[in-house]
1. From the list ALA469, ALA389, exactly one residue is farther than 27 Å from ALA353 by Cα, in contact (Cβ under 8 Å) with a residue 40 or more places away in the chain, surrounded by 14 or more Cβ atoms within 10 Å (Cβ to Cβ) and of a type in the set (A, V, I, L, M). Which is it?
2. Determine if segment 136-158 includes at least one residue that is hydroxyl-bearing (Ser, Thr, Tyr), modelled with pLDDT of 85 or more and assigned to a helix (DSSP H, G or I).
3. Being touching a residue at least 24 places away in the same chain (Cβ under 8 Å), assigned to a loop (DSSP other than H, G, I, E, B) and not basic (Lys, Arg) is the filter here; which residues of segment 413-444 pass it?
4. Would you be able to say whether some residue in segment 304-311 is in contact with a strand residue (DSSP E or B) (Cβ under 7 Å, 6 or more places away or on another chain), of a type in the set (D, E, K, R) and at pLDDT 85 or above?
5. Pairs needed: first member in segment 335-352, within 22 Å of LEU253 (Cα to Cα) and without any contact (Cβ under 8 Å) to a residue 60 or more places away in the chain; second member anywhere, part of a helix (DSSP H, G or I) and of a type outside the set (A, V, I, L, M); C-beta distance under 6 Å; at least 6 residues apart or different chains.
6. Looking only at segment 95-119, count every residue that is touching a Ser or Thr at 6+ places or on another chain (Cβ under 6 Å) and part of a strand (DSSP E or B) and tell me the total.
7. Can you name the strands (runs of 3 or more DSSP E) wholly within segment 585-685 that have at least 1 residues being in contact with a strand residue (DSSP E or B) (Cβ under 6 Å, 6 or more places away or on another chain), among the basic types (Lys, Arg) and in contact (Cβ under 8 Å) with a residue 40 or more places away in the chain?
8. Being of a type in the set (Lys, Arg) and farther than 20 Å from ARG588 by Cβ is the filter; apply it to segment 599-632 and report the residue that is modelled with the highest pLDDT.
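The values are calculated or read from the model by the stated rules, or taken from the named source; none is laboratory data. Remember, it's a predicted structure, so these values are computed and weren't measured experimentally. Every residue, glycine among them, receives a Cβ derived from its backbone with ideal geometry; neighbour counts consider all protein chains shown.
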Amino acid sequence: MTWCDDSLSCRTRLSLIAAVILCTGLVGSPALPESQTGSTQDGAASDSSRDHKILGVAPADAWFVAYTANTERTSKSPILERMTGGRRDLTGFVRTVTETFDGPAILAISGTPDNPTSWQLTFAARTMLDQNQLFQRFSEDMVPAWNRSGTSAATGAVQFVDDGRHGYLTLARPVPLSLTLVTRDGIVFGSTTAHVTEDWQRGVETYSIFANSDEFKRLSAGWSGPLGTFIYLDLRTLIPKAAISLNQVLPKLYETLQLDVIESIALVSGGPTAPCPLRVAVGVCAIKPGVWHLLASTPSEARLARAFPPDTTLLLEGSMKHGSNIADDVKALIAAIDQEITDEYDQECVEFARETGLDPQSEILANFVQAWAFGVGGDSDGFDDPLLAVQIESAATFKTHLQTLRAIYQLQTSSINHRGVTIERAAREAGPFSYAVVDNLLLASSDHEIVMQGIDAILDRKSLDHTKAFNAVRRRTGPQTSKFVYINLAELFPLPPDSEDDADIADLEAIAKAGTAIGLAVVPHERMIALELASSDDTAEEAMALLWRSVDASLDRARYLSARSISMANVKGLLTACHVYAANHKKRWPPSLDTLVQSGVLGDEAGAMTLLSNPYQGAAKQREGYYYLYRHIADPASVKNPAAEVVISEPEIHDGGAFFGFMDGHAEWITSPRADILLSTMRSR
């Protein structure tokens, strides 16, 4: 194959190389040099163990740790509310907990994660009650409130006994556990190992604590400020077992994502006044070529926000060592999916080098160094064309390479001068594409006016990195950022000061008024990669609530679409069952769904109800009776067009339509107004 054969034009192949350059440049670089791995800040761990007595009770061998600095605040978290489904039957329990514990609390689990019988629990919380009052609260309020909550696995399963010296909190199911509780110095402490509780009450430290462990130091490296929330999960035992199930469904996903290198994960929150409000840290045993190298590129001193106008709404910035190293990581990632693709890419590179005299990786991509950035401006009405900025090692080398490629492929460009900087504009058949080099910085865009704005930002020193919002976000993320996403929410969602919009967008309105921006940074340290979310001001909670609401809406939509697919399958399954019934009853269809169930063609009772229940609601919300409507055709032989005769349907219109099953066995999604007519037919049966 040559680079100018009939199967692929020269211009297309050049575009392919350009795409590789852009794609590899936008994802990162390989391993961290020792000088930039981010040495662990011992102060973070030592301060936590000294200042947070509650955090200090978690044992070093815990595989799960959940800590909060403020029990009441955590109980009111919108995320926690969503996790519990906003259930009113848990309200009493949550209220009792917040009335009992007035500060930090922790729960840690040791043992083998996949063997519940080996679990050992450690619990501690600050309380304003003395031991007698506390045990009375457990016995009369907290435990009964939990048992009344209706939680399927816990109903009536928790008991509390007070022997006058200790309290015993017992969980009968699903895993039998008994927590021995005592108090000391305004702290309630509990352990499933009785002698540990006794030792703690006497002030004897008998085990190593998690806050002083290397694991905690690793996951909190570079974190500044006090902890608000810390949730830790050791995945070393769980990941291999999960891989067995995952490989059965998606055989390549485990290998592609390099899940085998993951050791642990932690969520760290510092509260609204912390420099960085939220961090998700992933502990890894090694950073191998592929997805982890792409994330953990070498932190760079270059800050390319200086090349973007101050009204830039979205900026994606990253660091790298050399573009050629990134290409190797991309190849490793693709090879895990399909080795043939990487083999073909290598062959294409060989042919490209033979015809041009330039090696795409060792020469062209190797000239791209240190950093890249991609940004767009705009608001809720639309976006401008994007601007790409890439740090290059040698402007002269870059120009020489372009001259070679232009000569070989006969690419035509025209030049314009803007403030002493030459902007090259590709001819119409090769474009639109414009680029310029300023101070070893390559600026490129489909619109030459966007390139001009980048030149102005650099020369006038009036750019995004001079804005208050951008700098505020930058200050609240780690200094060793290797990837950074900046979003100006106030520009994207502008609202008038006296907006009368629905109350559901209260968070959005608060953000717009405050001029809030947020940032998401990838911060690599030794054997750890962290994602940090920061806000430009004190509306961080509103920003995170908005993000959570957006994600939650997407998840709700995904769940709805999944339920819709299930409903379609249910309708088809019921149609098939009706045909089976008719085959066994002289072509007569069942007179009712009850008859269909009793005939046994739907399987046992559980199988029948699976097909007949409402897929859009959980089991706890199911109403009595069947969800689907059925229309009995007394004389099937008289039906002239079975494909037009509806016999099964959903009972209502949702999302503009409903599923209908027809006598010939097919089912389809039908929208209004036809759906309304068909539903009238079904209801008049």
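1. ALA469
2. Scanning segment 136-158, I find at least one residue that is hydroxyl-bearing (Ser, Thr, Tyr), modelled with pLDDT of 85 or more and assigned to a helix (DSSP H, G or I), so the answer is yes.
3. ASN440
4. yes
5. Once the first residue is within 22 Å of LEU253 (Cα to Cα) and without any contact (Cβ under 8 Å) to a residue 60 or more places away in the chain and sits in segment 335-352, its partners that are part of a helix (DSSP H, G or I) and of a type outside the set (A, V, I, L, M) give ALA335/THR342; THR342/LYS331.
6. 3
7. Per the criteria, no element qualifies.
8. Step by step, filter segment 599-632, then rank; the result is ARG623.
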